[in-house]
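See structure below.
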Amino acid sequence: MNRSSVLARIIRPILLLLLLSACSSGGHAQRNEAAQEAAQEAPEVGSEPIGGLPDFRPLVRKYGDAVVNVEVMQRRQQAAGAPPIDPNDPLFDFFRRFGIPPPQFGPPGGQPPMRGAASGFIVSSDGYILTNAHVVAEADQVNVRLTDRREYSAKVVGVDPRTDVAVLKIDAQDLPVVKIGDPEQLEPGQWVLAIGSPFGLENSATAGIVSATARAVGGEMYVPFIQTDVAVNPGNSGGPLFNLRGEVVGINSMIFSRTGGYMGLSFAIPIDVAIDVRDQLIKTGRVVRGRIGVAVQDVNAQLAESFGLDRPGGALVSSVEEGAPAAKAGLRPGDVILAVNDSVIERYTELSSVIARASPGEELELGVWRDGKERTVKVQVEEMREPAARVAAAGQPSEPGGRLGLAVRPLSPAEKQQLDTEGSLVVERSGGPAAESGVLPGDVILGVNGRPIKSVQQLQKAVEDGPESVALLIERGGAQLFVPVQTRNGREADSG
């Protein structure tokens, strides 16, 4: 490579930087006038999009100052004599990717504090801030920086791991605040905007649409997540999600990613869930949730057919805890809860969220589908407590058969006592339709299509007299669930 080409490679990026600087500094007066004209022409928050696309400038201008940068510090102690962390360790890349400075590698016996950055937003002018629980849960020190570069030491008022919501408080007055919206009005396809600090880049705005609502993510049943395609990255955690009216409808909480970066799937906590948590944490320092003592699951097409529903919907009760409010109210496995206080339940996550937010002692009116018709059941809510875990054992296999492809046998009294079950039949071997549907050896069969089963003869008759798709209520590992099974006769009819 000759000297001129080398100089060209060096000079070209320098010229580019100079041109950018010139564009940033030249024509100052003209640019100010243009900016003022644009501000006068820009629509107010909540106006119709320009040329078919939304203009987010008024929103960012009006509420951007209420979004803050949250910096956390956690003191970590390395065990005496332990080797220092190698910079080639995979954790090094983890820290880098998530915007956390990697630990400074030094002598054994101690490590510098871990530091991280995330987002939050001000919900009251006297300094209350919402962010994610996972941001501050293990922090020894939390600092908040405003857009005008003022910094405050923040007190953690409380955290709620179940919803991933945390409340901070800074000692300040007359702060800019966000406007709270109604996430129940969100529909897939609506434009939304996130403001936060991805990778430490403060007050960054990214836009997209609502992809879905009431999403269950990672088995979480207490938060009906808002799914969007807004570009959310590490550092956006705890930041607000706005609708076009400039109202906060959610808190950005997590992403689905195989790389650690944005892949088009972002999830936000609905703001009404967060506000309920905020109010409780400020008032009492803890969150009280309701429960009625049922385990529920979604209703798919096969289960809907099995229970005589015209379409999938509602929350299917798979088990009822003995002595719990649901048992006292007469709920039983096989009931499909379609509504709570006239609010329609489409998915089981919606029921879990509604019940959890009810106050202990409150009476709820449930719309329940049972035996082919709808009825009303009133249940009194009690305070939630953690359930106990149980473990079940598996039986010995034998040859499967019948319409389901199951080989079953009665449980002995000793086995029933050991398993702590009310069931009477155990699956010895599973094949054919049952195996394809997920029925396993060792599962205890409790019922078919909502009716209890106590003998092999009852099971055979229920399957023979039932529809082409039957719902088996099984007990596995101490938990109960319905498994829809398409019988062999049903499959032959479908194929013919």
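Is the range 342-363 home to any residue that is farther than 30 Å from Phe242 by Cβ, assigned to a helix (DSSP H, G or I) and out of contact with any His (no Cβ under 8 Å at 6 or more places or on another chain)? No; the residues of the range 342-363 include none that is farther than 30 Å from Phe242 by Cβ, assigned to a helix (DSSP H, G or I) and out of contact with any His (no Cβ under 8 Å at 6 or more places or on another chain).
For every residue, the table says whether it meets (1) closer than 30 Å to Ala295 by Cβ; (2) of a type in the set (A, V, I, L, M, F, W, C); (3) touching a His at 6+ places or on another chain (Cβ under 8 Å); (4) open to solvent by less than 30 Å² (accessible area, probe 1.4 Å).
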site	(1), (2), (3), (4)
Val192	no, yes, no, yes
Thr206	no, no, no, no
Gly239	no, no, no, yes
Phe242	no, yes, no, yes
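Within the range 148-171, the set of residues being exposed (fewer than 15 other Cβ atoms within 10 Å of the Cβ) and part of a loop (DSSP other than H, G, I, E, B) comprises Asp148, Arg149, Arg150, Pro161, Asp171. Screening Leu473 against (1) at pLDDT 85 or above; (2) over 26 Å from Asp420 (Cα atoms); (3) not β-branched (Val, Ile, Thr) leaves a single unmet condition, (2). When we screen Val277, Val223, Val210, Val232 for residues that are within 19 Å of Val123 (Cα to Cα) and either in a loop (DSSP other than H, G, I, E, B) or in contact (Cβ under 8 Å) with a residue 12 or more places away in the chain (or both), the only hit is Val277.
Being β-branched (Val, Ile, Thr) and modelled with pLDDT under 85 narrows it down to one of Val391, Val354, Val320, so name that one.
Of Val391, Val354, Val320, the one residue that is β-branched (Val, Ile, Thr) and modelled with pLDDT under 85 is Val391.
Cβ-Cβ contacts under 6 Å between residues 6 or more apart (or on different chains), taken from a first residue in the range 101-129 that is surrounded by fewer than 17 Cβ atoms within 10 Å (Cβ to Cβ) and modelled with pLDDT under 50 to a second residue that is small (Gly, Ala, Ser) and in a loop (DSSP other than H, G, I, E, B), are listed as Pro108/Gly81; Pro108/Ala82; Gly109/Ala80. Among the residues of the range 413-427, those identified as of a type in the set (Asp, Glu) and more than 15 Å from Ser455 (Cα to Cα) are Glu415, Asp420.
If you go through the range 189-207 and pick out every residue that is polar (S, T, N, Q) and either in a strand (DSSP E or B) or farther than 24 Å from Lys179 by Cβ (or both), you end up with 2. When the range 244-253 is limited to residues that are farther than 20 Å from Gly116 by Cβ and not acidic (Asp, Glu), the one that is surrounded by the most Cβ atoms within 10 Å (Cβ to Cβ) turns out to be Gly250.
The rows are residues; the columns are (1) open to solvent by less than 30 Å² (accessible area, probe 1.4 Å); (2) polar (S, T, N, Q); (3) in a loop (DSSP other than H, G, I, E, B).
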{"position": "Ala295", "(1), (2), (3)": "no, no, no"}
{"position": "Gly313", "(1), (2), (3)": "yes, no, yes"}
{"position": "Leu316", "(1), (2), (3)": "yes, no, no"}
{"position": "Glu322", "(1), (2), (3)": "no, no, yes"}
{"position": "Leu331", "(1), (2), (3)": "yes, no, yes"}
{"position": "Gly334", "(1), (2), (3)": "yes, no, yes"}
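Considering only residues of the range 208-227 that are at pLDDT 90 or above and not β-branched (Val, Ile, Thr), which is most open to solvent (accessible area, probe 1.4 Å)? Once the filter is applied, the top-ranked residue is Ser211. Scanning the range 341-351 for residues that are touching a strand residue (DSSP E or B) at 6+ places or on another chain (Cβ under 6 Å) and either farther than 27 Å from Leu472 by Cβ or modelled with pLDDT of 95 or more (or both) yields one hit, Asn341. Applying the set (1) touching a Gly at 6+ places or on another chain (Cβ under 9 Å); (2) under 20 Å from Gly438 (Cβ atoms); (3) among the charged types (D, E, K, R) to Glu322 leaves exactly one unmet item: (2).
The values are calculated or read from the model by the stated rules, or taken from the named source; none is laboratory data. If you're wondering where the values come from, they're calculated on a predicted model, not measured in any experiment. Neighbour counts run over all protein chains shown; Cβ positions are idealised from the backbone, glycine included. All accessible areas refer to the heavy atoms of the entire protein, side chains included, with ligands and DNA or RNA removed. Shrake-Rupley method; radii C 1.70, N 1.55, O 1.52, S 1.80 Å.
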